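Below you'll find the structure, written out as structure tokens, and then a few comments.
The values are calculated or read from the model by the stated rules, or taken from the named source; none is laboratory data. Predicted, not measured: the structure shown is a model, and the values here were computed from it. So basically every Cβ, Gly included, is an ideal-geometry build from the backbone, and we count neighbours across all protein chains shown.
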Amino acid sequence: MLQPEQIQVIRDSQYESITAKALVNSQLQVIYDNKWFNIWVPKEYGGAEYSFEQGLNLLEELAYHDGALAWTITLCSGANMFAGFIEPSKAKEVFSTAKVCFGGSGRTAGKAIWKDGSFEITGMWSFATGAPHLSHFTLNAPVYDGDIPRHDADGKPVVYSFFVPRDYVLVHYDWNTFGLECTASHSFSLDNVKVDAANAFILSPSKRYYDSPLYRIPFMTFAELTLLVNYMGMYKRFLDLTEKYFFEKSKDPFWADKYSKSRFQLLDSLQQNFAHHRAVVNEIADMVNVLSAAGTVSAEDPFLAEISKQFKDIVESIRNAVTILMPLLGIQAAQVDQELNIVFRNLFTATQHSLLNIRDIE
């Protein structure tokens, strides 16, 4: 889906963004020009309104060329997808700006006190991907009426999602990881910030304002699949770089005689496994498309539980494969400016995301 000139910008800017620990102007410009932060936003609001399949394919291809850039686009476009759950007149107002970019935390923290027709929000949230260029920060907070926590009809605490313009947010520059550096996923806080009721929403298909198949997909399933294709794109690049390294090493007769057969057999088995997993993801995405086109997908649908299981199995398989391959790639793979090392760092930093953090021992 990418044009050669776009790929060139992505490739040329990668190391600069690592050094800057943020996306740089050349990357942001190509993102804005192609509406990559807005791939899930309705055309009516100025977005690109990709189909689910189109969006997944784009995110995987971007991740193949630069996993950290793609990670940022995945998380920020996923947050911009909230446009479908915001009251339409407000959504049109917010997304009329070409550089609008949502991002924030999916965890519930702080508190939102309902007072005189608006919310007063206080709290701190972690890991707002793309913090330096976000126009709005998103967060989840429990709702209070004065000092009293609000509960629903079932007695459960009421939690709303909010989007807050960056001018009201304090960013804490605490992202200092060994991979995905340019995602700049810093923490942020609010201190008694007044937020309009129109900036609150509920991220549930039943609460959507814009009706399209995309907004009928439960957000957890959407998040799992968009993160998974990102992870798979990075892994595909790692496999290709490994193959290139093995071919270069096989020019050495000693290495070729001692290692070539076993190393290429290992790589071939991993490539076949990847192809199988990619086919599985295609089948899953097709089924999600069919179900969402037919109507709202229930979060209790057993099919979604099966997606989560497949998701975890694929993530664990990739993580284990990278762990097996990395020690076979020589000192070159340990050099921080080499692409093998960059992709390795990105893959293992990504595994610390709550959805990708698959543990062998609970």
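Residue by residue through the stretch 220-232, note down the ones that are within 12 Å of the chain's Cα centre (by Cα) and not aliphatic (A, V, I, L, M).
Result: Phe222, Glu224, Thr226, Asn230, Tyr231.
Cβ contacts < 7 Å: first residue within 30 Å of Ala98 (Cα to Cα), restricted to the stretch 134-155; second residue of a type in the set (A, V, I, L, M) and in a loop (DSSP other than H, G, I, E, B), any location; separation 6+ or different chain. Result?
Ser135/Val100; Phe137/Val169; Ala141/Ala109
Looking at Met81, is it touching a residue at least 12 places away in the same chain (Cβ under 8 Å), in contact with a helix residue (DSSP H, G or I) (Cβ under 9 Å, 6 or more places away or on another chain) and either assigned to a loop (DSSP other than H, G, I, E, B) or among the aromatic types (Phe, Trp, Tyr) (or both)? Give the derivation first.
Details: touching a residue at least 12 places away in the same chain (Cβ under 8 Å): yes; in contact with a helix residue (DSSP H, G or I) (Cβ under 9 Å, 6 or more places away or on another chain): yes; either assigned to a loop (DSSP other than H, G, I, E, B) or among the aromatic types (Phe, Trp, Tyr) (or both): no.
No.
Among the residues of the stretch 31-38, is there at least one that is crowded, with 18+ Cβ neighbours inside 10 Å, aromatic (Phe, Trp, Tyr) and outside any helix (DSSP H, G or I)?
The answer is no; no qualifying residue exists.
Would you check which residues across the stretch 138-171 are surrounded by fewer than 14 Cβ atoms within 10 Å (Cβ to Cβ) and of a type outside the set (D, E, K, R) and list them? Break it down into steps so the answer makes sense when it comes.
Residues of the stretch 138-171 surrounded by fewer than 14 Cβ atoms within 10 Å (Cβ to Cβ): 145-149, 151-157, 167, 170.
Gly146, Ile148, Pro149, His151, Ala153, Gly155, Pro157, Leu170, listed by residue number.
Tell me the residue from Asn176, Asn192 that is on the phi < 0 side of the Ramachandran plot, modelled with pLDDT of 95 or more and either of a type in the set (S, T, N, Q) or in the same structural domain as Ile18 (by TED's automatic domain parsing) (or both), please. Break it down into steps so the answer makes sense when it comes.
Working: Asn192 fails: on the phi < 0 side of the Ramachandran plot.
Unique residue meeting the criteria: Asn176.
For every residue, the table says whether it meets (1) assigned to a helix (DSSP H, G or I); (2) among the basic types (Lys, Arg); (3) on the phi > 0 side of the Ramachandran plot.
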residue: Lys258; (1), (2), (3): yes, yes, no
residue: Lys261; (1), (2), (3): yes, yes, no
residue: Ala275; (1), (2), (3): yes, no, no
residue: Val280; (1), (2), (3): yes, no, no
residue: Ala299; (1), (2), (3): no, no, no
residue: Leu355; (1), (2), (3): no, no, no
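Ile18: under 26 Å from Ala83 (Cα atoms), assigned to a helix (DSSP H, G or I), touching a residue at least 40 places away in the same chain (Cβ under 8 Å) and among the β-branched types (Val, Ile, Thr), yes or no?
Here the answer is no, as Ile18 does not meet what is asked.
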